[in-house]
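**Student:** Mind having a look at this structure? Questions to follow.
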Amino acid sequence: MALDTGSLVLLGIIALLALVQGLCLVGLGREVVKTAHRVTDLGERLVAGARPTLEELNRASQHLAASSSVLAREGERLSAQLEDAVARVERAQAAVHDALVPSATRVASVFAAARLVRAGLRLYRFFK
């Protein structure tokens, strides 16, 4: 089976195109490797750039947690002080009530008795 010249030329062209295709695939492979390295470098730069921001966010959240615990303690302390102040005001109010109401009742009784005596004197003078 001998191949004629046309068949040999076509086989040569196919071999040449297969070689060109192989070279293109090798070049494409190299570009894929370069692109993969670039993407990896970009990812590392993004992580390196984001790391300080993430660390700042972490520190801020820690400070916020500490501040919230301090605020909670101060709120509890203020609540206790307000309860103590309310209790003192109630005791003072009760003491004022206990001290003034009986005295005021006595004073009112004295004035009522004085009015009664004056009214009695007027009535006595009227009938005299």
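Nothing in this text is a laboratory measurement; each read-out follows from the coordinates by a stated rule. In this text, all values refer to a predicted model and were calculated from it rather than measured experimentally. No Cβ is skipped: glycine too gets one built from the backbone with ideal geometry, and neighbour counts run over all protein chains shown.
**Student:** Taking every pair of alpha-carbon atoms in the chain, give the share separated by more than 22 Å as a whole percent.
**Tutor:** Roughly 79 percent, once rounded to a whole number.
**Student:** Rank the residues LYS34, LYS128 as a footprinting-exposure proxy: fewest other Cβ atoms within 10 Å of their Cβ go first.
**Tutor:** So the ranking, lowest neighbour count to highest, is LYS128, LYS34.
**Student:** As I understand it, the value is the acute angle between the Cα axis of helix 5-127 and the longest principal axis of the Cα atoms of the chain; what does it come to in degrees, rounded to 10?
**Tutor:** Computed tilt is about 0 degrees.
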